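Beneath this line is the structure, given in structure tokens, with notes to follow.
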Amino acid sequence: MKRFKIIFTGLLAASCVAASVIFACGDAGAPPQPAPPAAEAAQEPSAEAPQEPPAPEETTESMAAAPAPEPVMASPHFAMEEYRCDCAGHCDGWPAAMDPELLAMIEELRCACESPVIITSGVRCEARNAEVGGVAWSFHKRGHAADLYCPGMPVGQLAALAQDVGLNILPYYSSGYIHVEN
Ligand SMILES: [Zn+2]
Ligand SMILES: [Zn+2]
């Protein structure tokens, strides 16, 4: 009985194969046409080709723009890089994020000065803060302070403008800059 089953299964398989061969032959019965599909395949790319050139041009343009990536701006007049921790590798430059409100007030101060403002210190990691003799509770460590000056403008005048925009200040008259925080 078992053997019969096996034989039967074998016959089934054989007939399936035969059937598929027949179908295959049926297809192949028509004149061999391997060429047409190949020709079609060859035609398709060439048909699309005219549409492709514009795309590469765009890519080239965007690639040409890539070498000069636009700096991340902290505000219209300041690049975020200007606030980066300037230690010699103790941190990745951003031990804390700069407070957006502080950045907005410094921008406002810059506009009030109507002249470039230079950031000499933004955020500081623990090591950098200790290095420059900053106090332990320094707002610089939390991204809530910056030291800056406006070339050509007296410290007192800059300090007054900073106060006007709502910044808490600490003027360093002898060093020629002010510390601002919020
Ligand atoms: Zn650092
Ligand atoms: Zn400071």
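No lab work stands behind these numbers, since they all come straight from the coordinates. All figures in this text were calculated on a predicted structure; none of them were measured in a lab. Here the Cβ is made from the backbone with ideal geometry for all residues, glycine too, and neighbour counts use every protein chain on show.
In table form, for the structure just shown:
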{"quantity": "Segment residue 94-residue 131, extension gain: residue separation times 0.36 nm, minus the distance between their alpha carbons", "calculated": "11.7 nm"}
{"quantity": "Projected area, mean over directions - segment 56-175, Cα convex hull, nm²", "calculated": "9.4"}
{"quantity": "Sum of side-chain charges, residue 117 neighbourhood, beta-carbon under 12 Å (Lys, Arg +1; Asp, Glu -1)", "calculated": "-4"}
{"quantity": "Label zone at residue 182 (point 7 Å along Cα-to-Cβ), backbone N below 12 Å, segment 89-108", "calculated": "98-108"}
{"quantity": "Length released on extending from residue 172 to residue 104, taking residue separation times 0.36 nm less the Cα-Cα span", "calculated": "22.3 nm"}
